[in-house]
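A short worksheet on the structure shown next.
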């Protein structure tokens, strides 16, 4: 089936198998391997991408054909003009990642969360990220990172540590 | 130690931000499944639906007829290629790669289908027609013990018993127990669970027909060991094998063993001459690879009326599943279980383990712990609480009066270990002060009057990590040293390689900090590389908290070798004799002439442009470090819980971890490791269990049933530390990644039992689900 999607601002037209999952379309057809697959059952959230600018979706539970005509933002689309997104900066600053496998999905969930709720409380953050599993951090530093990003000015700090 | 003098350079002791993060936060990590090679095929495995069954027929016809399917491989095919069986790491058993004649556990790998896409491979796997004749399964190790059904007819000895291991003095311990004023005895289960890293296991095997060289990209915590294992199993010379472990999405012990998928993908690549990728799905991960624990421990402690311990005896029945695939050193089939005397000065002790086959998945890996240390720490810390309850003593008081004292180190434990250092009383005192223990006791007393269930649980554990001294520990006969190689470039930056392979622990940062501290260089200009067997020096890998204790030592000593050579060059530059040059404040100083100095950067340039006469040009060193002893991190953890008596739900109100892991290289990373380990300990205490029903069916085959804590359930963690350096480690560090997982489960359980103690509840086996806690409350109340 032919589909047209806009991913990270670029238009793509592709012929895909109807059963191809959005996660594999992004990873294998477009080469955007930042989106990960961790559980195949929609529990872990490693595959979360943002649909139409504000909706976090699990791309392992969506067919590529369902994305036809939609805009998708993946982790690769967060950095703009060589500047890290405040969430990326905050995850780095607050040690919000260890093995890095859950990080792209976690970042995209937090991105959508802040779109809906720019100043979330700790419990709102914890609830907001409860569809994303992390085995390394115990979530505490991820919560701190989201709090930092929520208070960051429009221009994030530089990338030098 | 000159800790903290170079904060701008982020040397040892600085909370330096991680050097590996820029690629991960951009989605530019390179994990196994991100690797795509030209003409690559995909492998899917066929699994047995039965836990125990004769295989009467495997028909490949329909699968081979599917367009895109290139090969179907069975156990018989592998036997013909002499690859039917795989030796397990500690050498007591062989594991079938694919089932041969009989399936021995549910989900066992029976056949492999290789095809042009992962979807066609999965379709092909569905079309392999396997005929089974179900047999009665043996699920319970206590049933297995009776030998009524012999599971492994391939073995010479017709018994399900795998081995007996013991340490300590049985008769002396029995006599001491018999003579004790007070004794306790409890069967304590450390239940079967699974590490479940978010990235599952996988590989891309690529046999190059032209060069005869096999490259295996794999999710490996120990790439060199895997290269040697591949060579031993296949007969391919080791120089013709290249193992690359790319970014690893969590390991926790799951990625130490060699699994059938790696072998079948490699065989397929050899047969077909193209690369073959195998990546397991979550169900395959939970049902076939690397389970942990499953120790049923009968624990006895003797004590005087005043609460001085007199003896400890632990007899364990271990369920190893269908094959003995435990990843333990050869001389230690039960790993470091001898640490079971913990932080306490037992005059005598005895421990034994008997391991049995059952129709369950093989494993027995060290899930975020040194070999079998989590089981041991859980047994002793749970049992000390049961003893305190029987004596009517506060559990902290009982611990305090039995601790190994600071002045007893190095301490020779009755089960044969020499503890390096610690100050258990000071660490515990710090924890009690921070948490406000006395106030909590008061609050609890008031709540009990009102019939509310509040519990305080303590764990004062000692871990044993850093395997290890080569004279005791080996994998496949290879001594458990580790290695480092440092090359300093002419302009003063450098590359650092080690035999370890991080999976989130932050080696790219901390290894640079160690070398920077030793050489006075900028850690930002020291590139750390691991995981490629063609370039890294030979090492035993990352697990059992051994990276810092072993490779960390190798790094410091390799750097010191460089410093010694650099001194010669510095003397040449200073036109002085070597004896007049000293290393101080991160540079070479001419003694007695203030301001006359040479930096390591200047030395590095001279090493390539103007080395001293008779000095070999260049500035690099390699060191293989065989540690003289293990290290013994320890800590005091305190959990405060409220139990809802109507629902059985447990709320962890506070949790404090005070860790002593010796010298801290990067406090931010150490704290992160502790947060993560506590979260896994919490999961093991309350949620995670791989359970089988009486028919041998695995009941926890995906994340719907195998519960991983989310941010909602996970408590807020409070952390603190004390520093008792390891006396034998080159920088005094002990390792920390696993302490929180080893130390915490019993703190949670002790807290819940403490909450329920007014009802007379003395023990509940993990995981403490609402149902189990509610049943314990109901059972206790109905007895009253």
What whole number of Å gives the distance from the Cα centroid of the stretch A:82-105 to the Cα centroid of the stretch A:119-138?
-> 14
Per residue of chain B, what 222 nm ellipticity follows from adding -39500 (n - 2.57) for every DSSP H run with n ≥ 4, rounded to the nearest 500?
-> -8500 deg cm²/dmol
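If the chain between residue B:30 and residue B:433 were fully stretched, how many nm would it gain, using 0.36 nm times the residue separation less the Cα-Cα distance? Intermediate results must be reported in sequence, preceding the final value.
Values: separation 403, 0.36 × 403 = 145.08 nm, distance 4.51 nm.
Gain on stretching residue B:30 to residue B:433: 140.6 nm.
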FRET efficiency, residue B:122 to residue B:298 (Cβ-Cβ, R0 41 Å, nearest 0.05) = 0.35
Calculate, axis by axis, the spread of Cα positions in chain A along the three principal axes, and write the results as whole Å, longest axis first.
-> 43, 33, 27
Quick one: B:659, B:420, B:580, B:247, fewest Cβ neighbours within 10 Å first, how do they rank?
-> B:580, B:247, B:420, B:659
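Roughly how compact is the stretch B:650-784, stated as its Cα Rg over 2.2 N^0.38 Å to two decimals? Before the final figure, lay out the partial values.
Working: Rg = 18.0 Å, N = 135, 2.2 N^0.38 = 14.2 Å.
Normalised Rg, Cα atoms only: 1.27.
Using Cα-Cα distances under 8 Å and only pairs 6 or more residues apart, what relative contact order does the stretch B:579-718 have, in percent?
Working: 125 pairs, mean separation 20.3, N = 140.
Relative contact order, the stretch B:579-718: 14 percent.
Suppose a student asked you for the relative contact order of the stretch B:397-532, using Cα pairs under 8 Å spaced at least 6 residues apart; what percent would you report?
Relative CO of the stretch B:397-532 lands at 13 percent.
What FRET efficiency would be calculated for the residue pair residue A:52, residue B:181, taking the C-beta separation as r and a Förster radius of 51 Å, to the nearest 0.05?
On the way: r = 73 Å, r/R0 = 1.43.
Step by step, r from the Cβ atoms, then E = 0.10.
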Expressed in nm to one decimal, what extension gain is obtained for the pair residue B:174 and residue B:564 from 0.36 nm per residue of sequence separation less their Cα-Cα distance?
-> 134.9 nm
Taking only DSSP H segments of four or more residues, each worth -39500 (n - 2.57), what value at 222 nm results for chain A once the sum is divided by all its residues, to the nearest 500 deg cm²/dmol?
-> -7500 deg cm²/dmol
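How would you rank A:105-116, B:714-725, highest first, on the average number of other Cβ atoms within 10 Å across their residues?
On the way: A:105-116: 24.1, B:714-725: 19.3.
So the order, starting with the most tightly packed, is A:105-116, B:714-725.
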Sort B:419, B:586 so that the residue with the fewest other Cβ atoms within 10 Å of its own Cβ comes first and the one with the most comes last.
-> B:586, B:419
Provide the gained length on full extension for the span residue B:781 to residue B:448, in nm with one decimal, where the gain is 0.36 nm per separating residue minus the Cα-Cα distance.
-> 118.4 nm
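Convex hull over the alpha-carbon atoms of the protein assembly as shown: what's its volume per residue in Å³?
In the protein assembly as shown, the Cα convex hull volume per residue is 183 Å³.
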How many angstrom separate the Cα center of the stretch B:205-248 from the Cα center of the stretch B:553-627?
-> 38
If you project the alpha carbons of chain B onto the principal axes, what extent comes out on each, in Å, largest first?
-> 87, 74, 49
Give the distance, in whole Å, between the Cα centre of the stretch B:262-300 and the Cα centre of the stretch B:734-748.
-> 26
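Taking the DSSP beta bridges in the stretch B:633-726 as the whole, what percent of them are antiparallel, to the nearest 5?
Working: 11 of 15 bridges.
Close to 75 percent.
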Work out the FRET efficiency for residue B:143 and residue A:28 from their Cβ-Cβ distance, taking R0 = 41 Å, and round it to the nearest 0.05.
-> 0.30
In percent, how large is the relative contact order of chain B, given Cα pairs closer than 8 Å and 6 or more residues apart?
-> 15
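The numbers here are math on the coordinates, done by the rules we state, and not lab data. Source: prediction; values computed, not measured. Using ideal geometry, Cβ is built from the backbone for each residue, glycine included, and neighbour counts are taken over all protein chains shown.
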